[in-house]
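Data block below; observations after.
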2 protein chains.
Amino acid sequence: MANEIDRRQFIATTAAALSVAKSPLQTSAPVASSKPKVVLFQGDSITDCGRNRTAAEANSASALGTGYPLLVTSGVLAARPTEGLEFYNRGISGNKVPDLQQRWTTDTLDLKPDVLSILIGVNDFWHKLDHGYTGTVRDYEDQYTALLQQTRQAIPNLQLIVLEPFVLRTGAVDARWFPEFDERRAAAARVAAGARAAFIPLQTVFNEKARVAPPQYWAADGVHPTAAGHAVIAEQWRRAAHL
Amino acid sequence: MANEIDRRQFIATTAAALSVAKSPLQTSAPVASSKPKVVLFQGDSITDCGRNRTAAEANSASALGTGYPLLVTSGVLAARPTEGLEFYNRGISGNKVPDLQQRWTTDTLDLKPDVLSILIGVNDFWHKLDHGYTGTVRDYEDQYTALLQQTRQAIPNLQLIVLEPFVLRTGAVDARWFPEFDERRAAAARVAAGARAAFIPLQTVFNEKARVAPPQYWAADGVHPTAAGHAVIAEQWRRAAHL
């Protein structure tokens, strides 16, 4: 009797594990899922991208903005039409980690994401130059670490994706940004590792791209990606998320 | 001497032909082009997709809207960073062929496109049901034919892409649409053939998709594509355009 229950539990657990496991090669072979999978994009203006903030429903193009969240959503929903996936964008222009912290319950935890993607950090430095912000690299790392710890506690099985903050040397980005911005990138990598998050090394990716076309081709002001830049992020994102 | 000139001309002509020829597999191997290539998307709301009409510049994400023109642009610009491609969206919600005709000089010919993509026809029928429009299938075919003839005369080397108007049987699309809508699709195919345009058979494509997920997954009201539907169009478009 006890063995029978063990056997049933083993089968149920194994089936659940198999339904979650994904091969990177499986993007065009959708498998029916037992429940909708919620994917949430969080961040600043690079994520926001002019989204309609009054449209709260999942998968709405206008609610996703014109950046990588829309590109990812459109492509994944087309490739996986039977999985009931739900994509949300809650990026807000100008945000730093402390701003995410303030709206985290409403804009993240309440949505109960299965996959949470975060791109944050440019303003945590930029606003020191022109908004009187005084946060240090250490502040950024501590705040970001605390935010992800809180999130892991609330949603233990969460798939976390941390996108490296990146800049290109053009437009608004000049010598004043360095070396501190590089230290913040390193901090983001440590935060991701500590939270067992997938880390997308966007600075390396865009440094490579900037050898093919000028920095402003990928990010007009050095910070905000162009349409081409967003496509690069979307491709990296789908690879990292196996979606 | 004459032979030498012939040989040079042959080499130049062959080189030009080779630089234009594109393999469908070549999307990630950009070749430097001698001049910027202008790609223009024309149509109705399915193309418009909430684009910012005050932003006139090429390749601007907000000026491209949240539909297939943005998805195509982002993907192609990322894959072909050295070609100086310029993408414009001039779709306007509610347009029929006569509306395109009225704004054709300003919104199409003046932009001197190298590639012109047109998706038009749903409102030419739909507005008969609820806007008192009285155009026949013959009107649609004649007007559309004249528009493309005028365009070919103005820009002889234009690469033309005609997207088949399509609907899915859900939302606003009921029995009243048939058989006339099917006759209009057939007319669009004839117009495309007459203009030596590539024709993208979107109705067939979406009929196939609707066997995998419900019609409203691809077009919520039967007419306007979802994010998933736009990704399907974008993929078909890139294949047809070899971009």
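Using a Gaussian network for chain A with springs between C-alpha atoms less than 10 Å apart, which of these wobbles most: A:ASP110, A:ASP48, A:ASP182? It is A:ASP110. Here the extension length gained between B:ASP174 and B:ALA154 equals 3.3 nm, from 0.36 nm per residue of separation less the Cα-Cα distance.
An ellipsoid equivalent to chain B, defined through the eigenvalues of its Cα gyration tensor, has semi-axes of 33, 20, 17 Å when rounded to whole angstrom and sorted largest first.
Rank A:ARG90, A:ARG211 by accessible area, highest first, at a 1.4 Å probe radius?
A:ARG211, A:ARG90
Between copies, the label points of B:GLN101, set 7 Å from Cα on the Cα→Cβ line, lie 6.4 nm apart, reported in increasing order to one decimal in nanometres.
A Förster distance of 45 Å, applied to the separation of the beta-carbon atoms of B:ARG138 and B:ALA56, puts the FRET efficiency at 0.80.
Shape index of the stretch B:41-165: Rg/Rh, with Rg the Cα radius of gyration and Rh the Kirkwood radius from the inverse mean 1/r over Cα pairs, equals 0.98. Measuring nothing but how far apart in sequence close Cα pairs (under 8 Å, 6+ apart) lie, relative to its length, the stretch A:29-241 scores a relative contact order of 22 percent. When nucleic acids and ligands are ignored and a 1.4 Å probe is applied, A:HIS230 ends up with an accessible area of around 10 Å².
On the beta carbon distance between B:ASP182 and A:ARG239, with R0 = 41 Å, the FRET formula returns roughly 0.50.
The stretch between A:THR105 and A:THR82 holds 5.3 nm of extra length on full extension. This uses 0.36 nm per residue minus the Cα-Cα distance.
Please compute, for peptide B:222-233, the average count of beta-carbon atoms on other protein chains lying within 10 Å of each residue's beta-carbon.
The mean count of partner-chain Cβ atoms within 10 Å per residue comes to 5.
Placing a label point 7 Å from Cα along the Cα-to-Cβ axis, A:THR204 is separated from the same position in the other copies by 4.4 nm, shortest listed first. Taking a quarter of the surface of the Cα convex hull of the stretch B:87-218 gives a mean projected area of 8.2 nm².
Could you work out the helix-only [θ] at 222 nm for the protein assembly as shown, with each DSSP H run of four or more residues adding -39,500 (n - 2.57) and the total divided by the number of residues, to the nearest 500 deg cm²/dmol?
Helices in the protein assembly as shown give a 222 nm mean residue ellipticity of -14000 deg cm²/dmol.
Pair-distance distribution of the stretch A:165-243: all C-alpha pairs, bin width 10 Å, starting at 0; shares per bin in whole percent are 18, 47, 31, 4. The mean count of C-beta atoms from other chains within 10 Å of the C-beta of residues in B:42-55, rounded to a whole number, is 1. Inter-chain Cβ neighbour count for A:65-72, averaged per residue, equals 5 (cutoff 10 Å, partner chain atoms only).
For B:ASN52, inter-copy separations between label points set 7 Å beyond Cα along the Cβ vector come to 1.7 nm, shortest first.
The values are calculated or read from the model by the stated rules, or taken from the named source; none is laboratory data. Treat the numbers as computed from the prediction; the structure is a model and nothing was measured. Note that we place each Cβ from the backbone using ideal geometry, even for glycine, and neighbour counts take in every protein chain shown. Note: areas computed on protein heavy atoms with side chains; ligands, DNA, RNA excluded. Shrake-Rupley method; radii C 1.70, N 1.55, O 1.52, S 1.80 Å.
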